[in-house]
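The values are calculated or read from the model by the stated rules, or taken from the named source; none is laboratory data. Just so we're clear, the structure is a prediction, and the values are computed from it rather than from any experiment. Heads up, the Cβs are rebuilt from the backbone with ideal geometry, glycines too, and the neighbour counts pull from every protein chain shown.
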Amino acid sequence: MSATIIDGKAAAQDLRARIAALVPDFVTAAGRKPGLTVVLVGEDPASAVYVRSKGVATEAAGMKSDTIRLPAETTQDELLDLVRALNADDSVDGILVQLPLPKQIDENAVIAAIDPDKDVDGFHPVNAGRLATGLPGFVPCTPLGCLMMLKTQLGTLAGREAVVIGRSNIVGKPMAQLLLGESCTVTIAHSKTRDLPAVVRRADIVVAAVGRPEMVQADWIKPGATVIDVGINRIDAGEGKTRLVGDVAFDAVSQVAGAITPVPGGVGPMTIAVLLRNALVAAYRNAGVPLAPDAI
Ligand code: GUN
């Protein structure tokens, strides 16, 4: 069997088009554009690339994008002051502080300082609590993008066995909460899980988010299962070259799975699209403009 390849680029384009179509209604109602502010501290090259692409995508959706760049030696108090100023600024709908932060700054303190209703990353403990208790809030972009792709691929998820490999606050835990919210039977596997292959073999849905290149093997996968690969690992490809691979051994697993996301071109493109979605939802909510619950 050969799996259906889930096209994350196409899914992201579709979501971005739906977002862009909702922006003019907001502008008419609120008299301003939805605004996303991204804060980058220091000169980490990978972060700089991510932040630039977030800005470009925000503008392309017709939204206002601001990027605030601070030097690597910025103190925690300086960053907290900036976050509080952004919280108080009504033209700022969404705030994203790019991680990782320099080591003199406590990431948790910064995340906790962001107004939960502007927390488009969904990292604030209030938003984690809202997700866990089924209240409306912001959900981290990567797992929400994975859920959107799963629902497009499978329709209803209720009753399916889901195994999430990885228990990070950013992907694994919120992914498990989202799948539970869809009435899946959810297992969270991690580095201490006994007989991981046997656990994964139970799954109708596998979400791999561990950061270990090509760890998930073909004989771990129940035939026909849907496999979502969140990993982005750069590995040595010989002759001085590198290539990107996921956490799933794609070529072999795609012979067994029913559907699978590729790396690159799977989960990655959806993450930025969901960020724009969260920023637009923040704008509607914070400006008090009604938005149908299933609009986006
Ligand atoms: N660094 C890498 N990915 C992310 C993300 O999704 N949000 C933030 N704030 N920082 C990141």
Say we look at the stretch 92-105 and pick out the residues that are in contact (Cβ under 8 Å) with a residue 60 or more places away in the chain and assigned to a loop (DSSP other than H, G, I, E, B); which of these is farthest from the ligand (Cβ to nearest atom)? ASP93
Give ASP115, ASP204, ASP106, ASP121 a once-over and let me know the one that is closer than 19 Å to GLY224 by Cβ and either at pLDDT below 95 or of a type in the set (Asp, Glu) (or both). ASP204
Matching option when the condition is of a type outside the set (S, T, N, Q) and touching a strand residue (DSSP E or B) at 6+ places or on another chain (Cβ under 6 Å), among ALA259, ALA209: ALA259
Out of the stretch 225-252, which residues are within 21 Å of CYS146 (Cα to Cα) and among the small types (Gly, Ala, Ser)? ALA225, GLY231, GLY246, ALA249
In the stretch 48-65, the residues that are surrounded by 13 or more Cβ atoms within 10 Å (Cβ to Cβ) and touching a residue at least 60 places away in the same chain (Cβ under 8 Å): LYS54, ALA57, THR58, ALA61, MET63
The number of residues in the stretch 106-127 that are away from the ligand (no atom under 12 Å from the Cβ) and crowded, with 21+ Cβ neighbours inside 10 Å is 2
Quick check on my filter: what residues within the stretch 271-294 are away from the ligand (no atom under 12 Å from the Cβ) and either in contact with a Ser or Thr (Cβ under 9 Å, 6 or more places away or on another chain) or of a type in the set (Val, Ile, Thr) (or both)? LEU276, ALA279, VAL281, VAL289
The stretch 128-148, subset more than 13 Å from the ligand (Cβ to nearest atom) and small (Gly, Ala, Ser), residue surrounded by the fewest Cβ atoms within 10 Å (Cβ to Cβ): GLY134
Considering only the stretch 186-220, how many residues are under 24 Å from the mean Cα position of the chain (by Cα) and crowded, with 17+ Cβ neighbours inside 10 Å? 17
Inside the stretch 186-290, counting only helices (runs of 4 or more DSSP H) that do not spill past its ends, which hold 1 or more residues that are touching a residue at least 40 places away in the same chain (Cβ under 8 Å) and of a type outside the set (D, E, K, R)? 250-253, 267-287
Restricting the stretch 164-173 to residues that are within 16 Å of the ligand (Cβ to nearest atom) and in a loop (DSSP other than H, G, I, E, B), the one surrounded by the fewest Cβ atoms within 10 Å (Cβ to Cβ) turns out to be ASN169
Checking the structure you have, find out if any residue of the stretch 149-163 is within 13 Å of the ligand (Cβ to nearest atom) and not in a loop (DSSP other than H, G, I, E, B). no
